Amino acid sequence: MRPQAGRAGSRHLGYGLTGRIDSLPYPDGTRRGKWGKRMRRQLRVIAGVGALLVLTVTGCTTVSTESDQVALHYDAGAFSSTTYQACVTQNNRTWDGPGERYYVYPAGQRTFDFTGNEGSESTPFVVVSKDNQELTVSGGLTFHLDTSCEDEGGMLREFHEEIGLKFQPVMDDDGRTTKHWLDLLRFYVGQPLHKAMTTEAQKYDWLALYNDPATRAAFETAINEDLGAAVQATTGGRAYFLQFNLTLQKPTPRQDLVDGLAAVQVAITERRAIIEQNATVEEKLKQIRQLVEVLGPEGYILYEVFQRCLTDETAKGCPTFLPVPAGSSVDLNAGRPATTD
């Protein structure tokens, strides 16, 4: 018998029988249609749970602070306002849900290098002395950012909300400070430092700053004492930066001043040499006058001849000196007497 075509959605079962496959029962008595719907519902539930797990894992916020780092935790969820939560101190790791924000800051001693070398924070500063001469000053500054965060975030939270937010992020994922941190330092530390140095340099002449160790020490000490107040004037009177310690290298004037100073030193050295030479001549003349008074002019001349001959017997006009043992007799040949005509 030739198989007959079934209706749409049905399949020919052979021998003239047709029917829907999903209406056939399974061994447990359930129909295929009901079982399929149940499976689809279960698959949708599983897919939903999986998506939720993926969202939870990928949306997790974490932070791990090193020994020289602290972090501020803020709730910044999509359906809530940004609010401060807690401070994460050094050597800590924490996890939170999606939407949380952590702001990491450097802790411990920091540096502001203004030597102009590779990796430094700034080029050297130029100041003007009391006598209106430019000098270039390089050096290094150490300081601390106040990272105290007790009492609802403390000074660190205040610093972050007043200043730090404008320079984020200040640290990268590798724990290194970023260009934003460098910009922050140049504005809030570098500019007050330059101003303090410029003000103090006006009290000294360039030569004293360049050549006098005591003046340089006083110059450095005065800036150290004034720097904290100068920085606070930039931060609105708040002591966000602490424990300043400035070390300055020898100020460098313009090269033409250095060359001129070298020429002056050469002239001074030459003048001193002439003075010393003249003093030697004057002492020699004094000795001659004393000998003339004792020996007379002729005696002094003879004295000088003998002095010269004793040091150089080959000199012209010098007699030959023969050593005579003590107590020995000496026979002198007076020579033949002169004859007269």
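By counting other Cβ atoms within 10 Å of each Cβ, how are SER129, SER120 ranked from fewest to most? The partial results should precede the final answer.
Values: SER129 20, SER120 15.
The most exposed by this proxy come first: SER120, SER129.
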FRET efficiency for LEU302 and THR269 from the Cβ-Cβ distance with R0 = 41 Å, rounded to 0.05, comes out at 0.50
So the compactness index of the range 178-242, its C-alpha Rg divided by 2.2 N^0.38 Å, takes the value 1.28
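Dividing the Cα convex hull volume of the range 88-131 by residue count, how many Å³ per residue is that?
165
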Counting sequence-distant residues (5 or more places) and residues on other chains, those with an amide H built under 5 Å from that of ASP96 are THR61, THR62
For GLU66, placing the label point 7 angstrom along Cα-to-beta-carbon and taking the range 159-177, residues whose amide nitrogen sits under 20 Å are 168-177
Listed by chain and number, the aspartates and glutamates with an alpha carbon less than 16 angstrom from that of LYS166, same-chain partners under 8 positions apart left out, are GLU158, ASP183
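Restricting to Cα atoms and excluding each atom paired with itself, what does the Kirkwood estimate give for the range 256-313 in Å?
Values: mean 1/r = 0.0694 Å⁻¹.
Evaluated over the range 256-313, this radius sits at 14.4 Å.
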Projecting the Cα atoms of LEU310, ALA273, LEU295 onto the charge dipole of the range 256-313, where Lys and Arg contribute +1 and Asp and Glu -1 at Cβ, the residue farthest towards the positive end is LEU295
Within the range 97-112, the residues whose backbone N lies under 17 Å from a label point placed 7 Å from the Cα of HIS144 along the Cα-to-Cβ direction are 105-112
For CYS318 and ALA76, extending 7 Å from Cα along the Cα-Cβ vector and measuring point to point gives, in nm, a value of 10.0
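Among TYR300, TYR105, which comes first, then next, by fewest other beta-carbon atoms within 10 Å? Spell out each step's value before the answer.
Numbers: TYR300 17, TYR105 22.
In increasing order of surrounding Cβ atoms, one gets TYR300, TYR105.
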Taking a crude spin-label model, label points 7 Å out from Cα along the C-beta direction, the THR235 to ALA218 distance in nm is 3.1
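We did not get these values from a lab; they are worked out from the coordinates using the rules stated. Since the model is a prediction, treat every value here as computed from it, not as a measurement. Ideal geometry is used to build each Cβ from the backbone, glycine not excepted, and the neighbour counts take in all protein chains shown.
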